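Here, each number is a calculation from the coordinates, and none is a lab measurement. For clarity, every value in this text was computed on a predicted model and none was experimentally measured. Here the Cβ positions follow ideal geometry from the backbone for every residue, glycine too, while neighbour counts run over all protein chains shown.
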Amino acid sequence: MLTGVLAGVGAGALWGLVFVAPRMVSGFSAVDLASGRFVAYGAVAVLVGVTARRPLPNASQALSAIGLSLLGFTGYYLLLVLAIRDAGTEVPTLIIGTIPIWVMLLGKPGHLRWGALVPGIVLTAAGLALMALSPRGAAGGAHGEHYVRGLLFAAASLASWTAFALLNSAWLKRHPEVRVTDWANWLGLATGAGAILLWLVAGSDASQLRAQPDLGLFAVLALATGAGSAWLATILWNVASRRLSASLCGQLIVSETLFALAYSFAWDGRWPTPAQAAAVVLFTLGILAAIHAHR
């Protein structure tokens, strides 16, 4: 269990980098940043697969990897981008922030009492509420003619990643013969291909990208987040998903928020507001409560 918890927290630490990386460059759209990261993920998967001579998936495994890559990577992120476009950042961010709660509720193992999950769920929900009410917690709200459509996109992105977390955990438990690194590579191959399609559909024109003064830094960040926040993070998440119940994994997703806040505060060179500090404490207590409930 300890190995699984540490792997889940490690994945959260790497995922948290994705929230601060876009702030290091300007002139690139969210789709450009996501596509660059996911194409790099695919490239790392190809490199590792070739150099280590790892096996390719069979037809059934390939279909599973394609489906789950859409749910957890390119499809999820495209829905989120569309949600932010139509409804601003504040409400979609809050909706996505409830993913740990939904995964905990839907992934509860049969032997665990519902009451055991209540402390972790209440603490996490309270932390989310404090972050939402914090003056610097979110910005960029929008209430235009497409606001309702944006909320629907946000709900769809929430459902997409929640389904990924549950189905990915179930798939790994059904296929113990597949190494977690191989599964991460297969997801990377599917995600890389999907990212190319995502960029072709919604990304910036190639000439616009070449004209950006921060193109070199963009490439470095894409490689760093592709290798770290996608490939390595997926391996760690696979370890956690195989060793832990889906409900405990759901609570560990909160670590992504904790590390994203820490990186953001460090980048801004400031301390959190009292409300944000209280939210961090609640998130941490929620994780500890969930670990205690699953022991």
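With kT/(6 pi eta Rh) evaluated at 25 °C and eta = 0.890 mPa s, and Rh the Kirkwood radius from Cα pairs, region 2-294 diffuses with a coefficient of 126 µm²/s according to Stokes-Einstein. Our helix-only sum for the chain, with -39,500 (n - 2.57) per DSSP H run of n ≥ 4 divided by its residues, gives a mean residue ellipticity at 222 nm of -25000 deg cm²/dmol.
May I ask for the percentage of alpha-carbon pairs in region 9-58 that lie more than 12 Å from each other? Every Cα pair in region 9-58 considered, those over 12 Å come to 72 percent. Oblate is the label for region 66-216, because a/c, from the alpha-carbon gyration tensor with a ≥ b ≥ c as root eigenvalues, is 1.5 or above and a/b does not exceed b/c. When only the Cβ of Lys, Arg, Asp and Glu is charged (+1, +1, -1, -1), the dipole of region 2-294 relative to its Cα centre reaches about 680 debye. Peptides 73-85, 171-183, 216-228 ranked from most to least packed by the mean count of surrounding Cβ atoms within 10 Å: 73-85, 216-228, 171-183. Contact order for the chain, expressed relative to its length and based on alpha carbon pairs under 8 Å spaced 6+ residues apart, stands at 45 percent.
Sorting 153-163, 196-206 by average packing, meaning the other beta carbons within 10 Å per residue, from highest down gives 153-163, 196-206.
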